[in-house]
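The values are calculated or read from the model by the stated rules, or taken from the named source; none is laboratory data. This is a predicted model, so every value here is computed, not measured. Because the Cβ atoms are built from the backbone with ideal geometry, glycine has one as well, and the counts that use them run over all protein chains shown. Note: areas computed on protein heavy atoms with side chains; ligands, DNA, RNA excluded. Shrake-Rupley method; radii C 1.70, N 1.55, O 1.52, S 1.80 Å.
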Amino acid sequence: MAGTVEQDLAMQLRGRDFIGLVDYAPEEIQYLIDLAIELKQKQKAGELYQPLKGKTLGMIFEKSSTRTRVSFEVGMYQLGGHALFLSKNDLQLGRGETIYDTAQTMSRYLDGIMIRTYAHRTVIDLARAATIPVINGLTDLSHPCQALADYQTVQEKKGRLQGLKVAYIGDGNNMVHSLMMGAAKLGIHFAVATPEGYEPDSEVLQLSKESAAQTGGSLYVGTDAKEAIADADVVYTDVWASMGFEAEQKEREIAFKNYQVNDELVKYAKKDYLFMHCLPAHRGEEVSESVIDGRNSVIFDQAENRLHAQKAVMAAIM
Ligand code: CP
Ligand code: NVA
């Protein structure tokens with residue numbers, strides 16, 4: 001007997017890694033967003049949902065985190081499982097044990113691994129060597145958990161995703177890569193404005209363009225913030241110097257000075273635009289206080305949805 005579309009999608013997600021939205025089909029991403037919304041409603045209604053009873057997630061952190069750490073740990077608890085916080089310095093990984101040996105060993109104890117690291121390659125190598133699902137909790141290249149939670153937030157606020165316009169102003173970093181890929185998969189029009197020399201990765205751009213061509217989305221990349229933000233439904237920005245780039249803070253402040261999202265710039269967006277930021281934010285740098293703390297800002301809804309979106313991912317793949 002043929003299962004429903006949802007059952008087929010659930011089957012097809014089981015055991016998968018969650019490394020980048022590039023690996024997920026549009027209907028799989030939409031399934032995860034819808035599941036996240038459903039799990040959020042269950043949680044708010046006080047309904048227990050514990051499909052991961054007896055399971056354990058290992059969380060490897062090479063970089064700092066507030067949201068990722070807390071939301072994964074709480075999410076795993078709510079799903080009936082347990083999460084272990086593993087800082088790289090406390091693991092033998094920090095003393096030179098290989099990724100391969102670490103992945104193989106951890107696969108004998110755990111049911112899933114979440115990793116936040118620098119080189120994207122590390123996550124790929126870990127996933128290849130592990131026999132359990134691996135989740136990307138941010139690399140220098142991407143941050144798919146955040147983008148998933150963000151599109152969940154947009155869907156909740158706007159009632160749809162297809163055909164909306166999302167503008168990203170600032171650094172061509174991990175955040176824009178995942179947002180751009182997600183937009184392309186979901187049929188969203190995506191516009192990016194960065195200073196020259198800080199453009200998004202060309203390969204991610206190319207792959208996003210290919211997806212957008214199939215979903216009815218579109219992609220604009222340029223240096224003109226006003227052009228990018230024109231008529232946008234969502235205005236997104238992120239820090240000018242990401243983790244690992246702190247030494248460039250001063251030169252970046254100069255390069256990005258005309259890219260602050262402020263009252264003057266958001267005049268070009270739609271009146272009911274959403275302001276979004278993955279956090280942590282630097283008020284007065286990439287965004288003015290008036291915008292980030294203004295009535296269009298949904299930053300804490302995004303932060304909350306990290307919990308629900310990641311629960312959806314964990315429930316689906318683990
Ligand atoms: N947005 C995000 O990933 O936040 P943390 O760095 O606090 O985890
Ligand atoms: N681009 C930021 C995102 C933090 C969640 C960074 O990598 O530091």
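Return the FRET efficiency for the residue pair ARG128, ALA213: r is the Cβ-Cβ distance, R0 is 35 Å, and the value is rounded to the nearest 0.05. Once rounded, the FRET efficiency stands at 0.75.
Comparing mean-square fluctuations of LYS53, LYS40, LYS185 from a GNM of the chain with C-alpha springs under 10 Å, the top value falls on LYS53.
Using the Cα gyration tensor of segment 18-175, with a ≥ b ≥ c the square roots of its eigenvalues, what is the shape: rounded (a/c below 1.5), prolate (a/b larger than b/c) or oblate (neither)? Verdict is oblate for segment 18-175. Summarising the amide proton neighbourhood of TYR168: residues at separation of 5 or more, or on other chains, whose placed amide H is nearer than 5 Å comprise ALA191, VAL192, ALA193, TYR236. Straightening the chain between LYS271 and LYS257 buys 2.6 nm, computed as 0.36 nm per residue apart minus the Cα-Cα spacing.
Relative contact order of segment 103-250: 21 percent, from C-alpha pairs under 8 Å at least 6 residues apart in sequence.
Computed about its Cα centre, the charge dipole of segment 1-86 is approximately 460 debye, with only Lys, Arg, Asp and Glu carrying charge at their Cβ. For a quick check, take a GNM of the chain with Cα springs below 10 Å and name the residue from ALA213, ALA247, ALA130 with the largest mean-square fluctuation. Maximum fluctuation in the GNM of the chain, among the listed residues, is at ALA247. By definition, a body whose alpha carbon gyration tensor gives a ≥ b ≥ c is oblate when a/c is 1.5 or more and a/b is not larger than b/c, and segment 226-318 fits this oblate description. Our summary gives segment 49-104 a relative contact order of 41 percent, counting only alpha carbon pairs under 8 angstrom and 6 or more residues apart.
Distance check, please: which entries in LYS42/LYS88; LYS158/LYS257; LYS185/LYS271 exceed 28 angstrom between their Cα atoms? Listed pairs above 28 Å: LYS42/LYS88; LYS158/LYS257.
Taking a ≥ b ≥ c as the square roots of the eigenvalues of the alpha-carbon gyration tensor, segment 61-114 is classed oblate because a/c is 1.5 or more while a/b is no larger than b/c.
Using only the Cα atoms of the chain, each taken as one equal point scatterer with no solvent, compute I(q) by the Debye sum, divide by I(0), and report log10 of the ratio at q = 0.14 Å⁻¹. The calculated log intensity ratios at q = 0.14 Å⁻¹ are -1.08.
Using 0.36 nm per residue and subtracting the Cα-Cα separation, the extra length available between GLN206 and ARG108 on full extension is 31.5 nm. Accessible surface computed residue by residue for the chain, with neighbouring protein chains in place and a 1.4 Å probe, gives 44 Å² per residue. Checking every one of the trypsin sites (Lys or Arg not before Pro) in segment 246-318 against DSSP loop status and a limit of 12 other Cβ atoms within 10 Å picks out LYS267, LYS271, ARG295.
If I build a Gaussian network model for the chain, linking alpha-carbon pairs within less than 10 angstrom, which residue out of SER142, SER290, SER211 has the largest mean-square fluctuation? Maximum among the listed residues: SER290.
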